[in-house]
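J.: Sharing a structure here in structure tokens format.
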Amino acid sequence: MEKIPMTQGGLDQLEDELRRLRAEERPAVIRAIAEAREHGDLSENAEYHAAKERQSFIEGRIAELNDIISRAQVIDTTGMSGDIVRFGATVSLADEDTEEENTYRLVGSHEANASAGLLSVTSPLGKALIGKTLGDIVEVSTPRGHRAYEIIKISYL
């Protein structure tokens, strides 16, 4: 069974979602199914079919979250420091072409959100950053073409 690296914050978010699905979403959809059944003929009951579809989604997501959480490997980044990019590092990059600067924190794939500055270590840029040091140039192919970034800062929270 392959472990899934993540931060404690990422694991907490997944556990919160699992609790919400079990305590709120699952009971709500069961009530919706019961109410829809009371309306009679199930073959033409759109509310019933929609509730059953929602139930299927919820149960699938619960199973998925249980699997992810059981394989989670929390990596404690609090004691990390240095000038080498590793999981949990916050890295500031300067685009070589546009000189635009962006800052990302390298996290597990299940907690990644590039618009929030959380970059998956399994993404092309995340993979390219691992093991690099301050001042290194990182080259990566993106949907917008070949890009080069200079590492201008590395820190650990």
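The values are calculated or read from the model by the stated rules, or taken from the named source; none is laboratory data. Since the structure is predicted, the reported quantities are computational estimates derived from the model, not experimental observations. Ideal geometry is used to build each Cβ from the backbone, glycine not excepted, and the neighbour counts take in all protein chains shown.
J.: So which of Ile33, Ile69 ends up being in a helix (DSSP H, G or I) and within 30 Å of Ile154 (Cβ to Cβ)?
T.: Details: Ile33 fails: within 30 Å of Ile154 (Cβ to Cβ).
Result of the check over Ile33, Ile69: Ile69.
J.: Which members of region 65-79 meet the condition of being of a type in the set (A, V, I, L, M, F, W, C) and either more than 19 Å from Asp12 (Cβ to Cβ) or loosely packed, with under 13 Cβ neighbours inside 10 Å (or both)? Step through it out loud before you land on a result.
T.: Of region 65-79, the ones of a type in the set (A, V, I, L, M, F, W, C) are 65, 68-69, 72, 74-75.
Residues satisfying the conditions do not exist here.
J.: Within region 17-52, work out how many residues are among the charged types (D, E, K, R), within 27 Å of His110 (Cα to Cα) and surrounded by 13 or more Cβ atoms within 10 Å (Cβ to Cβ).
T.: Restricting attention to region 17-52, the residues satisfying the condition of being among the charged types (D, E, K, R) are 17, 19-20, 22, 24-26, 31, 35, 37-38, 41, 44, 47, 52.
Checking which are within 27 Å of His110 (Cα to Cα) leaves us with 17, 19-20, 22, 24-26, 52.
Filter once more, keeping what is surrounded by 13 or more Cβ atoms within 10 Å (Cβ to Cβ): 17, 22, 25-26, 52.
Of the residues in that region, 5 qualify.
J.: Taking region 100-122 as the region of interest, how many residues are of a type in the set (S, T, N, Q) and either in a loop (DSSP other than H, G, I, E, B) or touching a helix residue (DSSP H, G or I) at 6+ places or on another chain (Cβ under 8 Å) (or both)?
T.: Our first condition is that a residue be of a type in the set (S, T, N, Q); within region 100-122, this holds for 102-103, 109, 113, 115, 120, 122.
Restricting the remaining residues to those that are either in a loop (DSSP other than H, G, I, E, B) or touching a helix residue (DSSP H, G or I) at 6+ places or on another chain (Cβ under 8 Å) (or both) gives 109, 120, 122.
Going through region 100-122 one residue at a time, the tally reaches 3.
J.: Please tell me if Tyr104 is aromatic (Phe, Trp, Tyr), surrounded by 13 or more Cβ atoms within 10 Å (Cβ to Cβ), free of Cβ contacts under 8 Å to residues at least 40 places away in the same chain and under 29 Å from Met1 (Cβ atoms). Walk me through how you get there before you give the answer.
T.: Numbers: aromatic (Phe, Trp, Tyr): yes; surrounded by 13 or more Cβ atoms within 10 Å (Cβ to Cβ): yes; free of Cβ contacts under 8 Å to residues at least 40 places away in the same chain: yes; under 29 Å from Met1 (Cβ atoms): yes.
When the stated conditions are applied, Tyr104 passes them.
J.: Between Ile69, Ile130, Ile137, which is assigned by TED's automatic domain parsing to the domain that holds Gly10 and touching a residue at least 12 places away in the same chain (Cβ under 8 Å)? Spell out the reasoning first.
T.: On the way: Ile130 fails: assigned by TED's automatic domain parsing to the domain that holds Gly10; Ile137 fails: assigned by TED's automatic domain parsing to the domain that holds Gly10.
Exactly one residue qualifies, and that residue is Ile69.
J.: On to the next question. On the given criteria, is Gly60 in a helix (DSSP H, G or I), modelled with pLDDT of 90 or more and loosely packed, with under 13 Cβ neighbours inside 10 Å?
T.: On the way: in a helix (DSSP H, G or I): yes; modelled with pLDDT of 90 or more: yes; loosely packed, with under 13 Cβ neighbours inside 10 Å: yes.
Judged against the criteria, Gly60 is a match.
J.: Looking at region 72-80, can you tell me whether even one residue there is in contact (Cβ under 8 Å) with a residue 60 or more places away in the chain and more than 21 Å from the chain's Cα centre (by Cα)?
T.: So the first thing to find is which residues in region 72-80 are in contact (Cβ under 8 Å) with a residue 60 or more places away in the chain, and the list is 72-78, 80.
Still in the list and also more than 21 Å from the chain's Cα centre (by Cα): 80.
Yes, there is a match, as at least one residue in region 72-80 is in contact (Cβ under 8 Å) with a residue 60 or more places away in the chain and more than 21 Å from the chain's Cα centre (by Cα).
J.: State all residues of region 73-91 that are of a type outside the set (Phe, Trp, Tyr), at pLDDT 85 or above and in a loop (DSSP other than H, G, I, E, B); if no residue qualifies, say none.
T.: To start, the set of residues in region 73-91 that are of a type outside the set (Phe, Trp, Tyr) comprises 73-86, 88-91.
So of that shortlist, the ones also at pLDDT 85 or above come out as 73-76, 83-86, 88-91.
Residues satisfying the conditions are Ile75, Asp76, Asp83, Val85, Arg86, Gly88.
J.: Okay, next question. State yes or no: is Asp97 part of a loop (DSSP other than H, G, I, E, B) and either in contact with a helix residue (DSSP H, G or I) (Cβ under 9 Å, 6 or more places away or on another chain) or aliphatic (A, V, I, L, M) (or both)? Walk me through it before giving the result.
T.: Details: part of a loop (DSSP other than H, G, I, E, B): yes; either in contact with a helix residue (DSSP H, G or I) (Cβ under 9 Å, 6 or more places away or on another chain) or aliphatic (A, V, I, L, M) (or both): no.
No.
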